[in-house]
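Colleague: Before anything else, here's the structure in question.
The values are calculated or read from the model by the stated rules, or taken from the named source; none is laboratory data. No experiment lies behind these values; they were computed from the predicted model shown. Cβ coordinates were reconstructed from backbone atoms using ideal geometry, including for glycine residues, and neighbour counts include every protein chain displayed.
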Amino acid sequence: MPVEGCLLTAKKSDDRIEKLAPVLTVKRAAEVAGKSRSTIRAWVRDGLIRGHRPPGGGSTLLYIDTQSLLARLMPDEEGT
């Protein structure tokens with residue numbers, strides 16, 4: 001389980017480990033996941049991953065919770 005405040009890591013396609021911030025832009029989340037930006041937005045809309053908007057409203061920015069994204073990308077214990 002990640003420790004509060006620690007950066008999460010993801011394996012790049014060339015087997016390097018990359019440090020990831022606690023939240024990612026939709027564009028960066030799509031790159032990490034190998035999916036389209038519209039897929040990432042749909043996952044947030046469908047409750048499959050957590051997304052956050054900056055306080056104050058009116059913003060089109062959407063930040064993706066890295067931990068929930070990586071959990072979505074990892075196969076579960078049953079291999080599904």
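Colleague: Is there a residue in region 10-22 that is at pLDDT 85 or above and either among the small types (G, A, S) or buried (at least 17 other Cβ atoms within 10 Å of the Cβ) (or both)? Give the steps one after another, and end with the answer.
Modeller: Residues of region 10-22 at pLDDT 85 or above: 21-22.
Filter once more, keeping what is either among the small types (G, A, S) or buried (at least 17 other Cβ atoms within 10 Å of the Cβ) (or both): 21.
Checking region 10-22: at least one residue is at pLDDT 85 or above and either among the small types (G, A, S) or buried (at least 17 other Cβ atoms within 10 Å of the Cβ) (or both).
Colleague: Then there is this: Only one of (1) among the hydroxyl-bearing types (S, T, Y); (2) in a helix (DSSP H, G or I); (3) at pLDDT below 95 is not met by T60, so which one is it?
Modeller: It fails just one condition, (2).
Colleague: With the requirement that a residue be over 19 Å from L20 (Cα atoms) and either small (G, A, S) or touching a helix residue (DSSP H, G or I) at 6+ places or on another chain (Cβ under 9 Å) (or both), what does region 45-71 give you?
Modeller: G47, L48, G56, G57, G58, S59
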